[in-house]
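Written out below as structure tokens is the structure these notes cover.
The values are calculated or read from the model by the stated rules, or taken from the named source; none is laboratory data. Note that the structure is a prediction, hence the values are computed from the model and not measured. Quick reminder, even Gly has a Cβ in these numbers, built from the backbone with ideal geometry, and neighbours come from all protein chains shown.
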């Protein structure tokens, strides 16, 4: 399940992932939020809090993440992933070589630090 993180500052977009995630759910949840966010702010500051096993993301959802990244290629400003799955943080670290903007990975116990970083203008 994907939940919009509504407690973040307005210039930051975030999702919390738990349980099983499909590509259709990921796109349905994220793309409208990204479109609206870009209209309002021009650039994307995005945080993904991942409290599920990567195996619970179907292959399409994880690859869809890359597709969405490329669709909004010039709009990325900051991207943070917060998860206790070190391998996921390391794999996601590749985004900094693919997408413009800044990337950081954090363990779950550093969620507050991730929010502070992503919210800095």
Give the number of residues within the stretch 65-120 that are at pLDDT below 90, over 22 Å from residue 21 (Cβ atoms), out of contact with any strand residue (DSSP E or B) (no Cβ under 7 Å at 6 or more places or on another chain) and in a loop (DSSP other than H, G, I, E, B). 0
Complete set of residues in the stretch 1-38 that are in contact with a strand residue (DSSP E or B) (Cβ under 7 Å, 6 or more places away or on another chain), free of Cβ contacts under 8 Å to residues at least 60 places away in the same chain and not in a strand (DSSP E or B): 1, 5, 25, 26, 29, 30, 33, 34, 37, 38
Out of all the residues in the stretch 39-53, which are out of contact with any strand residue (DSSP E or B) (no Cβ under 6 Å at 6 or more places or on another chain) and either in a strand (DSSP E or B) or surrounded by 15 or more Cβ atoms within 10 Å (Cβ to Cβ) (or both)? 41
